[in-house]
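One structure is given below, encoded as structure tokens.
Nothing in this text is a laboratory measurement; each read-out follows from the coordinates by a stated rule. Note that the coordinates shown come from a computational prediction; the quantities given were computed from them, not determined experimentally. Here the Cβ is made from the backbone with ideal geometry for all residues, glycine too, and neighbour counts use every protein chain on show.
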């Protein structure tokens, strides 16, 4: 009887339903907590991109509250009133046509004087070899020189493409420049590794991760392009 | 293991922590270790042992999954149709693994990022399925639960040993605390220890030490 077709089908169905219900309940029950973790990580990454290392979560939140002024702009570089950065999901915006995307901006102000802007952090989003890659790039007050970068990935190969999440790779971007005069150059990771590039628009590559590197380049060119009107206006 | 020393729970036939049941917990820690003797679960032992902290969470995670999968399969064993038993086992294991993954994401976010895909891959850890087939399908729930905990801990012990060696010599720290710097020695981390190859060597040495001590040898 235990091995009859009816019993097997019934057993499988019941097992599926029970497992499904338990997992659905867990997913719904834990969602708030997980979302809070993700939001906190985002704040920490924005600060890290701007070169601010908070010693713990509490300090990170406090520094963020104190020093970060955020708003949303459109592709024309115009501020959209009434829209909060928290409501903009960069992964969803990435799917829209470029002209319609909402673009968050995070201004890092001076710890003492809130009217003084130290750097501007912009998010970047793209596709690596296996899955999406993302990050934050901070620009100095000249809106041209990179102050810091923080990249993350979903599924790049550990030890190869996944190195974009390491400080070693991210530090290579510090001091590089986006514009030559008014022309957007972006910063391009080269093929091969271990070469020192004097050009402010080139960085050393990652050996064995050429395609992730290309994804990184496309992501930066794409997003610097989207923000270029805003950055140029901000500079002058 | 404080819980073993606690007063015995009353059971009609056999005490919950009888000699036989305690053996279920302690055997996999040494003489019948799933990693060094049965050589199971090597893949994740190489992958998550760069630092001690993720290794500890992984050990706890695998113990949780083996224990509860064993318990549930043992409770269900008389109802499971033998023709689909592997699929049923997989479904139960997956259920616990996904729950664990969700819990990590909610309560140990940093660690869940470090363990990344390896939490999900507990599903494919041979120790879990191995214990279900070899033990839980033929034994009562309570001994099965203990067997799961024992084997999870046996795996965890090796994981922590490997992570100890790798973190100490790879990054010169333990739980992120810079040990060599603290005693005033400048230490250049050994890059090999950071790579899976380094873990492979450490696991190999552990297997050698343990087998030499216990006089265990593979049957010809």
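I'd like the orientation of helix B:141-170 relative to chain B: the angle between its Cα long axis and the longest Cα principal axis, in ° from 0 to 90, rounded to 10.
Around 10 degrees separate the two axes.
Calculate, in nm to one decimal, what residue B:27 and residue B:86 gain on full extension: separation in residues at 0.36 nm each, minus their alpha carbon distance. Numbers along the way, then the final one.
Numbers: separation 59, 0.36 × 59 = 21.24 nm, distance 2.56 nm.
Gain on stretching residue B:27 to residue B:86: 18.7 nm.
For segment B:1-130, what D do you get in µm² per second when you plug the Kirkwood radius from alpha-carbon pairs into Stokes-Einstein at 4 °C and 1.567 mPa s?
The diffusion coefficient I find is 79 µm²/s.
Hey, rough spin-label estimate for residue A:201 and residue A:35, points 7 angstrom out along Cα→Cβ, what's it come to in nanometres?
That separation, rounded to one decimal, is 4.3 nm.
Hey, how many Å between the Cα centroid of segment A:104-169 and the Cα centroid of segment B:185-220?
39
Name all residues of segment A:134-165 having a backbone nitrogen under 20 Å from the label point set 7 Å from the Cα of residue A:111 along its Cα→Cβ direction, giving them as ranges.
A:138-141, A:147-149
Please give the FRET efficiency for residue A:89 paired with residue A:17, using the beta carbon to beta carbon distance and R0 = 35 Å, rounded to the nearest 0.05. It would help to have the intermediate numbers written out before the result.
On the way: r = 32 Å, r/R0 = 0.91.
Efficiency, from the Cβ-Cβ distance: 0.65.
Percent relative contact order of chain B, based on C-alpha pairs within less than 8 angstrom and at least six residues apart?
On the way: 292 pairs, mean separation 70.0, N = 220.
Computed over chain B, the figure is 32 percent.
Mind checking the angle between helix A:210-235 and chain A's longest principal axis? C-alpha axes, 0 to 90 degrees, to the nearest 10.
50
What's the FRET efficiency of residue B:14 with residue A:182 using the Cβ-Cβ distance as r and R₀ = 56 Å, to the nearest 0.05?
0.10
Could you list A:115, B:69, B:82, B:44 in order of exposure, starting from the residue whose Cβ has the fewest other Cβ atoms within 10 Å?
Values: A:115 6, B:69 28, B:82 11, B:44 23.
Lowest count first: A:115, B:82, B:44, B:69.
Taking the alpha carbon gyration tensor of segment A:67-235, what are the square roots of 5 times its eigenvalues, largest first, to the nearest whole Å?
Numbers: eigenvalues 133, 69, 43 Å².
They are 26, 19, 15 Å, listed from largest to smallest.
Treat each spin label as a single point 7 Å out from the Cα along the C-beta direction, and report the residue A:233 to residue B:79 distance in nm.
Placing both labels 7 Å along Cα→Cβ, they lie 6.4 nm apart.
Using a Gaussian network model on chain A with a 10 Å cutoff between Cα atoms, which of A:168, A:156, A:41 fluctuates the most?
Taking springs between Cα atoms under 10 Å, the residue moving most is A:168.
What is the fewest-to-most order of A:130, B:96 by other Cβ atoms lying within 10 Å of their Cβ? List each step's numbers first, then the result.
Numbers: A:130 16, B:96 22.
The most exposed by this proxy come first: A:130, B:96.
Going by Cα centres, segment A:23-43 and segment B:60-89 are how many Å apart?
28
List the pair-distance distribution P(r) of the protein assembly as shown, using every Cα-Cα distance, as the percent of pairs falling in each 10 Å bin from 0 up to the bin containing the longest distance, rounded to whole percents.
In whole percents, the pair-distance histogram is 4, 16, 23, 22, 17, 11, 6, 1, 0.
Relative contact order, percent, of chain A when contacts are C-alpha pairs under 8 Å separated by at least 6 residues? Kindly include the intermediate steps, with their values, before the conclusion.
On the way: 400 pairs, mean separation 35.2, N = 236.
RCO, chain A: 15 percent.
Can you quote the Å³ per residue value for the convex hull of the Cα atoms in chain B, rounded to an integer?
Details: hull volume 35.1 nm³, N = 220.
Here the figure is 160 Å³ per residue.
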